[in-house]
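Visitor: Once you've had a glance at the structure underneath, I'll fire off some questions.
Every number in this text was worked out from the coordinates using simple rules, so none of it is lab data. As the structure is a computational prediction, the values presented were derived from the model and not from experiment. Using ideal geometry, Cβ is built from the backbone for each residue, glycine included, and neighbour counts are taken over all protein chains shown.
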Amino acid sequence: MIVEGKKKIWSEYQKDIPDDHYFYVRSCIRQNFFPASEKVFLDIVRNRLGLDFFETPHHTTCGGIAYHSDSIPQETLMTIVARQFALMTEAGYENYVCSCITSFGIYNEIIDTWHHYPELEAKIRGLLWEASKREFKIPKSVVHASDVIYKLRNTILENGKYRLVNKTTGEPLRVVEHIGCHYSKMFPSKGVGGAEYPYVLTGMAEAWGGTVIDYPERRHCCGFGFRQYLVQANRGYSISNTHKKFESMAPFKPDMIITNCPGCPYFLDRWQYVIEELEGKTYGADSKGIPVFTYEEVAGLVLGYDPWDLGLQMHQTAVEPLLDKIGIIYNKEDKYKI
Amino acid sequence: MTDRVLIIGGGPAGLEAANQLNLLGYKPVIVEKEDILGGHLAKWDRLFPEGERADTVLYKLIKPVEHTPVYLNTIVEKADKEGNNFRVKLSGGKEEIVSAILVCAGFSLFPAEKKEEYGYGIYNGVITSSDLEKWFKTGKGVNINNPSKVGFVHCVGSRDEKVCNRQCSKVCCVTAVKQACEIREKFPDSEVFCFYMDLRMFGRKYEDLYLKAQNKYRVRFIRGRVSEVSEDFTGKVVIKAEDTLSSKPLKVSLDLVVLMTGMISNNSIEKISGILSLNRAEDGFIEPADTITKMYDSGKEGIFLAGAVTGPKTIPETLSEARASALAIHNYLSKKTIQ
Amino acid sequence: MNRFGYRLSPSSQIDLDVSDNSLFRDILAGEPGISTCIACGSCVASCSAGVFDKISFRKALHLLEAGMDTEAVALLEGCMMCGKCTLVCPRGINTRHAIVLIKRKLNKG
């Protein structure tokens, strides 16, 4: 591995991430999968770092799940998104930040489509007006919430209590970073670091003391793949893709996985259990699984949040071995507190 | 009217044209942007299809023109038509008055790092065909240590609209086969794979080389474009392709991957066509007045073309074209003199 | 165990890191011409039984080289040894001989 080569690519794929005043939209599914991630994100940026993040209870799904599982047509999707943009415009914001990678891909795809087909944008404006008497401006910037944490990574480290370092050995933790496919594979220039060697999570992991593993199936899908999981007959593909990734990363003995997509941490986490049931194989150097985190959870750990306030008890693969490696103080009994 | 002819580019085309113009009684002047003559040939070790040494060929081209004036590290900055002549401003403040200009600005090799998924400059085991040629020639540049498995990836930056190069670079297929045989020759225990889309063995004796690669060197040809390259735990380079002849995805771990970088137009061609108002085609190369009967004719009076400025070519093709251009210049200048 | 209603899907990927093509190498020793196949498909196009059965000398060779012996041999089972493919091969490969060698190897096994 030639790090200089990667740095060169990273320098070519830098994007503008606004400093402040964001309109924040949540993901449909993350609050069930990883319930504290978004809450912690808002707490970090608002209360710890004093930034302006506006959120409205009126926002809905972006429609991505339905769109990617062939339940709604593109015009419906675009009208839903137009309504989200209208909510942003009404609130007086221009910087749109979303928590979900699917949404991030959808927003970029739609804005790009409208750029090439202005008549379609006009049609959607008409549909939105007919449906809700709303109007909208296209956001000045669309970023993913992981872009924001990436931008703030050094500030988080400065305010941090822990680092991604093995307390006993002093060695950096070995981190697998997994990027949601729709973060930059659709539009490489929209992602920090591009599509082949994304830097957004690598930047966080390195800033916080870890070292990142580049394994052969790094670029492969987590296994969710929408239809692969949503259609039960295809579910074998879903787990087989996840299995392929774990087989590929296992020789590198990763300590943890960091992700930035709603589906990826879920499948990388939950499928480890199913693979164990099906194949009798448990990953991880100590055969305790490889803990999987959202980037907000990792930022929370670095900042010294109580692991159980981060919702880590909701993970299938136990996180305690990693907490112990870092030397995070936590109360075992609190894991199941209500 | 002078008898001076400016040759832009001191590669095979420029050298051969200079020789022919000297023989015809003109005074060619070569302008070369690098600090040595020979272009890409000067960096090459051996040539297809029979493995002739590049420096022997280069010597044959340079020797006859050793007394021809050459500006090294120099480029053309401006050229103005003054009557029948051109007043040409060169970098470094020099000036030449010439009666004709021959553009032999050559080509560039596709920068392999642009195909990010192939990991050139990122994975240690990934090199280019020109890196390998340099290593054959000098033993320097890249570290090749008794590899047991080597893969050649054809069409890197050729036949690829994603990187804005639709054209076939023509010479890389046979170069890959030549280099694959050389690797097998140097490392008899190695296994060598060529990943190709089509094998374009168009020239005389190329098919013989391909046959030898199959039956003597046992090079394994896999029809399928490599989709991505990565590195495994031991530092081996893992490549994925489809084996299209069996319709199955394929994976192999290699010690060395050689990217066959294609021939593309470059800044020099862009710049000189701007200065001389020459037309360029969609592929970036200069468009001649007639692509079948007058490849040497730029369509602009007094300006001629030779070699890869009009698209990928082999060395023998380039040399033939250089001679054709020299003759065309002679015809042009003779007519002018009579007038 | 399959109480989930799904399982890992078998991979169709050819993994050249682990594939064993010793049968191919045995045949190659007896009929070196097979290394020169250019996958043109003349053998399959001229096969007198190929329209009735799944016969492909071209593909069988290819699969043998990838170590997929079972799949390869299945493509030669219907061969009637007429030798028409030998007649048309542009590389002059003794295809019939190669098929005989493959069948002989397998019968011994």
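Visitor: Less than 14 Å Cβ to Cβ from B:VAL257, Lys/Arg counted +1 and Asp/Glu -1: what total charge do the surrounding residues give?
Guide: With Lys, Arg at +1 and Asp, Glu at -1, the net is -2.
Visitor: Okay, moving on. What residue among A:ILE258, A:PHE226, A:ILE290 has its Cα farthest toward the positive end of the dipole of region A:162-329, where the charges are +1 on Lys, Arg and -1 on Asp, Glu, each on the Cβ?
Guide: A:PHE226
Visitor: If the label point is 7 Å along Cα→Cβ of A:TYR336, which residues in region A:273-298 have backbone nitrogen under 12 Å from it?
Guide: Nothing falls inside the zone, counting backbone N under 12 Å.
Visitor: Still on this structure, I have one more. Tell me the label-point distance for the pair B:ASN145, A:LYS288, using the 7 Å Cα-to-Cβ offset, in nm and rounded to one decimal.
Guide: Each label point is offset 7 Å from its Cα along the Cβ direction, giving 3.7 nm.
Visitor: What is chain B's relative contact order, in percent, from Cα pairs under 8 angstrom and six or more apart in sequence?
Guide: In percent, rounded to a whole number, it is 20.
Visitor: Checking the table B:LYS94/B:LYS134; A:LYS15/A:LYS281; A:LYS15/B:LYS162; B:LYS27/B:LYS300; A:LYS8/B:LYS186; B:LYS89/B:LYS134 against a 29 Å threshold on Cα-Cα, which pairs fail?
Guide: Among B:LYS94/B:LYS134; A:LYS15/A:LYS281; A:LYS15/B:LYS162; B:LYS27/B:LYS300; A:LYS8/B:LYS186; B:LYS89/B:LYS134, the Cα-Cα distance tops 29 Å for B:LYS94/B:LYS134; A:LYS15/A:LYS281; A:LYS8/B:LYS186; B:LYS89/B:LYS134.
Visitor: Work out how far the C-alpha atoms of region C:22-108 reach from end to end along every principal axis, then list the three figures in whole Å, largest first.
Guide: 29, 25, 19
Visitor: Determine the relative contact order of region B:111-262: mean sequence separation of Cα pairs under 8 Å and six or more apart, normalised by residue count, in whole percent.
Guide: Computed over region B:111-262, the figure is 32 percent.
Visitor: Moving on. Would you mind classifying chain B by shape? Square roots of the alpha carbon gyration tensor eigenvalues, ordered a ≥ b ≥ c; an a/c under 1.5 is rounded, otherwise it is prolate if a/b is larger than b/c and oblate if not.
Guide: prolate
Visitor: Follow-up question, since we're still on this one. Classify region B:111-262: rounded, prolate or oblate, from the alpha-carbon gyration tensor (a ≥ b ≥ c, eigenvalue square roots; a/c under 1.5 rounded; otherwise prolate if a/b is larger than b/c)?
Guide: Cα axes put region B:111-262 in the rounded bin.
Visitor: Could I ask something else about it? So, R0 is 41 Å and r is the distance between the beta-carbons of C:GLU71 and B:PHE202; what FRET efficiency does that work out to, to 0.05?
Guide: 0.75
Visitor: Under a Cβ-only charge scheme (Lys and Arg +1, Asp and Glu -1), can you give me the dipole magnitude of region C:1-92 about the Cα centre, in debye to the nearest 20?
Guide: 320
Visitor: Pairs to check: B:LYS115/C:LYS59; A:LYS39/A:LYS151; A:LYS7/A:LYS39. Give those whose C-alpha atoms are more than 29 Å from each other in this structure.
Guide: B:LYS115/C:LYS59; A:LYS7/A:LYS39
Visitor: Also: Hey, any idea what Rg/Rh is for region A:18-145, computing Rh the Kirkwood way over Cα pairs?
Guide: My calculation of the ratio gives 0.97.
Visitor: Now for a different question. Hey, what number do you get for chain B at 222 nm if only DSSP H runs of n ≥ 4 count, each worth -39500 (n - 2.57), divided across all residues, to the nearest 500?
Guide: For chain B, the value works out to -8500 deg cm²/dmol.
Visitor: For peptide C:8-21, how many partner chain Cβ atoms fall within 10 Å of a residue's Cβ, on average?
Guide: Counting other chains' Cβ atoms within 10 Å and averaging over C:8-21 gives 6.
Visitor: Rule-of-thumb check for region B:54-199: C-alpha Rg over 2.2 N^0.38 Å?
Guide: Output field value: 1.41.
Visitor: Loop only per DSSP, at most 14 neighbouring Cβ atoms within 10 Å: give me the GluC sites (Glu not before Pro) in region B:48-152, ordered by residue number.
Guide: Answer by residue number: B:GLU50, B:GLU66.
Visitor: Under a cut-off of 14 Å between alpha-carbon atoms, report the aspartates and glutamates in cross-link reach of C:LYS103, not counting same-chain residues fewer than 8 places apart.
Guide: Cα-Cα hits under 14 Å: C:ASP26, C:GLU31, C:ASP69, C:GLU71, C:GLU77.
Visitor: What FRET efficiency would be calculated for the residue pair A:HIS115, A:GLU90, taking the C-beta separation as r and a Förster radius of 22 Å, to the nearest 0.05?
Guide: 0.45
Visitor: Also, quick follow-up: For peptide B:228-236, how many partner chain Cβ atoms fall within 10 Å of a residue's Cβ, on average?
Guide: Taking the mean over all residues of the peptide, I get 5.
Visitor: Counting each DSSP H run of 4 or more residues in chain A as -39500 (n - 2.57), what helix-only mean residue ellipticity at 222 nm follows after dividing by all residues, to the nearest 500 deg cm²/dmol?
Guide: Computed mean residue ellipticity for chain A: -12500 deg cm²/dmol.
Visitor: How big is the Kirkwood radius of the protein assembly as shown, worked out from every pair of different alpha carbons and given in Å to one decimal?
Guide: When all Cα pairs of the protein assembly as shown are included, the Kirkwood radius is 30.6 Å.
Visitor: I would also like to ask the following. Using a 10 Å cut-off on Cβ to Cβ distances, tally the other chain neighbours for every residue of A:213-224 and report the average as a whole number.
Guide: Whole-number average of other-chain Cβ neighbours for A:213-224 is 3.
Visitor: Same structure, new question: Placing unit charges on C-beta atoms (Lys and Arg positive, Asp and Glu negative, everything else neutral), compute the dipole magnitude of the protein assembly as shown about its Cα centre in debye, rounded to 20.
Guide: Dipole magnitude for the protein assembly as shown comes out near 1780 debye.
Visitor: Fewest first, what order do A:HIS243, A:HIS144, B:HIS67 take by the number of other Cβ atoms within 10 Å?
Guide: B:HIS67, A:HIS243, A:HIS144
Visitor: Please compute the length gained on full extension between A:SER141 and A:VAL3, using 0.36 nm multiplied by the number of residues separating them and subtracting their Cα-Cα distance.
Guide: Length gained, A:SER141 through A:VAL3: 46.7 nm.
Visitor: May I pose another question? Say each of B:LYS336 and B:LEU23 gets a label point 7 Å from the Cα, pointing the same way as Cα to Cβ; how far apart are those two points in nm?
Guide: Those two pseudo-labels are separated by 2.2 nm.
Visitor: Can you compute the FRET efficiency between C:VAL18 and A:ASN47 using 1/(1 + (r/R0)^6), with r the Cβ-Cβ distance and R0 = 60 Å? Round to the nearest 0.05.
Guide: 0.65
Visitor: Using a 10 Å cut-off around each Cβ, can you sort A:SER37, B:SER91 from fewest to most neighbouring Cβ atoms?
Guide: Going from sparsest to densest Cβ surroundings: B:SER91, A:SER37.
Visitor: Mind giving me the nanometre distance, one decimal, between the label points for A:ALA250 and C:ASP26, set 7 Å out from Cα along Cα→Cβ?
Guide: 3.2
Visitor: Taking a ≥ b ≥ c as the square roots of the Cα gyration tensor eigenvalues, with a/c under 1.5 meaning rounded and otherwise prolate when a/b beats b/c, else oblate, which class fits region A:162-329?
Guide: oblate
Visitor: Pairs of Cα atoms under 8 Å, at least six residues apart: use those to get the relative contact order of region A:162-329, whole percent.
Guide: Normalised by residue count, the contact order of region A:162-329 is 25 percent.
Visitor: Checking the cross-link filter: which lysines have an alpha carbon closer than 26 Å to that of A:LYS167, excluding same-chain neighbours under 8 positions apart?
Guide: A:LYS253, A:LYS288, A:LYS325, A:LYS332, A:LYS335
Visitor: Going by how many other Cβ atoms sit within 10 Å of their own, how do C:ILE93, A:ILE17 line up, fewest first?
Guide: Ordered from fewest to most neighbouring Cβ atoms within 10 Å, C:ILE93, A:ILE17 come out as A:ILE17, C:ILE93.
Visitor: Within the set of other residues whose C-beta is less than 14 Å from the C-beta of B:VAL150, count the net charge using Lys and Arg as +1 and Asp and Glu as -1.
Guide: +1
Visitor: Give the longest segment of chain C that steers clear of chymotrypsin sites (Phe, Trp or Tyr not before Pro) in DSSP loops with at most 13 neighbouring Cβ atoms within 10 Å, not counting the sites themselves.
Guide: C:53-109
Visitor: Relative to a virtual label point 7 Å from the Cα of A:THR211 in the Cα→beta-carbon direction, which members of region A:159-196 show backbone nitrogen distances below 18 Å?
Guide: Taking a point 7 Å out along Cα→Cβ of A:THR211, the residues of region A:159-196 whose backbone N falls under 18 Å are A:163-177.
Visitor: Report the rotationally averaged projected area of chain A based on its alpha-carbon convex hull, in square nanometres.
Guide: Result: 17.5 nm².
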